[in-house]
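Novice: Got a structure for you, questions after.
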Amino acid sequence: MPRAARKPKLAVWKFASCDGCQLSLLDCEDELLAVAGNIDIAYFPEATRTVLRGPYDVSLVEGSITTAHDAHRLHQVRRQSRRLITIGACATAGGIQALRNFHDVEEFTRQVYAHPDYISTLKTATPISAHVPVDFELRGCPVDKGQLLEVLTAFLHGRPAHVPTHGVCMECKQRGAVCVLVTGAAACLGPVTQAGCGALCPAYGRGCFGCFGPKETPNPVSLAPRLAARGLTPRDLQRLYRSFNAASEPFRQEGDRHGG
């Protein structure tokens with residue numbers, strides 16, 4: 001009898017993060033069962049205690065690098081992975097923890113810990129791509145489960161992943177949402193933010209917070225006067241960009257431009 005074809009091995013790794021993007025994968029429920037039938041989940045502590053040795057066909061990596069130990073461990077993951085996909089704002093742009101990049105980390109540890117000399121951490125939180133080659137970056141805080149399934153399926157079948165790079169404004173138009181920026185209802189980063197959330201916040205009268213990071217060829221400089229006209233101060237504009245994707249280059253530059 002012919003030998004059964006080997007199933008691809010999937011590994012899911014966590015670094016500094018909240019686990020939200022891994023939970024997005026678990027939230028796929030019925031779809032995940034279909035995926036699981038065609039792959040071996042070799043390493044995924046959030047879902048199973050099973051551990052299979054590498055190499056792995058696809059590794060999903062959540063979280064940013066904040067310690068020297070994690071930087072070393074990441075290189076080990078990369079060596080074991082034929083394809084490495086980063087998932088979420090932490091892995092693709094440093095995440096909320098990258099706010100440390102703008103301040104004195106040693107001062108933080110002195111204020112928080114009774115014995116800061118026991119804390120071993122880097123001065124910055126950096127995305128995975130700052131340390132190892134990455135085959136695909138999937139944005140979001142958290143990632144969209146539909147996009148995650150699309151990327152995972154695409155890589156397992158050797159085809160390009162179809163993930164939009166246009167702005168959230170397109171999603172607003174698709175769902176018939178009134179533009180909160182035009183009406184003045186809220187400050188909104190939709191014109192410079194990549195689609196993926198389905199325009200969730202603007203559809204309910206809230207401005208986009210930039211969860212999916214900068215879209216393809218954003219132009220935040222041109223958006224600034226519109227936001228300033230709503231009464232936002234330079235400090236307000238800086239805080240708007242320093243959130244989930246503060247260390248992504250376009251958002252970092254725009255945040256710096258409004259206060260250094």
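The values are calculated or read from the model by the stated rules, or taken from the named source; none is laboratory data. The shown structure was predicted, so the numbers you read here are calculated from the model rather than taken from an experiment. Cβ sites come from the backbone with ideal geometry, for glycine too, and all protein chains shown count toward neighbours.
Novice: Residue check, ILE41 against (1) of a type in the set (Val, Ile, Thr); (2) at pLDDT 95 or above; (3) surrounded by 16 or more Cβ atoms within 10 Å (Cβ to Cβ), all met but one. Which one?
Specialist: Unmet for ILE41, out of (1) of a type in the set (Val, Ile, Thr); (2) at pLDDT 95 or above; (3) surrounded by 16 or more Cβ atoms within 10 Å (Cβ to Cβ): (2).
Novice: A further question follows. Going by the structure shown, is ALA114 at pLDDT below 95 and surrounded by fewer than 19 Cβ atoms within 10 Å (Cβ to Cβ)? Spell out the reasoning first.
Specialist: On the way: at pLDDT below 95: yes; surrounded by fewer than 19 Cβ atoms within 10 Å (Cβ to Cβ): yes.
So ALA114 fits the description; yes.
Novice: So which residues in segment 143-184 are over 23 Å from PRO214 (Cβ atoms) and in a loop (DSSP other than H, G, I, E, B)?
Specialist: Taking segment 143-184 as the starting set, the residues that turn out to be over 23 Å from PRO214 (Cβ atoms) are 149, 152-153, 155-159, 176, 178, 183-184.
HIS157, GLY158, ARG159, GLY176, VAL178, GLY184, listed by residue number.
Novice: Separate question: Is it the case that ALA42 is out of contact with any Lys or Arg (no Cβ under 9 Å at 6 or more places or on another chain) and either among the aliphatic types (A, V, I, L, M) or not assigned by TED's automatic domain parsing to the domain that holds VAL143 (or both)?
Specialist: Taking the combined requirement at face value, the residue does not satisfy it.
Novice: Give the residues of segment 185-203 that are aliphatic (A, V, I, L, M) and either in the same structural domain as GLY140 (by TED's automatic domain parsing) or part of a helix (DSSP H, G or I) (or both), sorted by residue number. Before you say what the answer is, go through the steps one by one.
Specialist: To start, the set of residues in segment 185-203 that are aliphatic (A, V, I, L, M) comprises 185-187, 189, 192, 195, 199-200, 203.
VAL192, LEU200, ALA203 - these are the residues of segment 185-203 that are aliphatic (A, V, I, L, M) and either in the same structural domain as GLY140 (by TED's automatic domain parsing) or part of a helix (DSSP H, G or I) (or both).
Novice: Also, I was wondering about something else. With the requirement that a residue be at pLDDT 85 or above and either surrounded by 14 or more Cβ atoms within 10 Å (Cβ to Cβ) or touching a Phe, Trp or Tyr at 6+ places or on another chain (Cβ under 8 Å) (or both), what does segment 24-38 give you? Working first, answer last.
Specialist: Keep residues of segment 24-38 that are at pLDDT 85 or above, which gives 24-27.
Residues satisfying the conditions are SER24, LEU25, LEU26.
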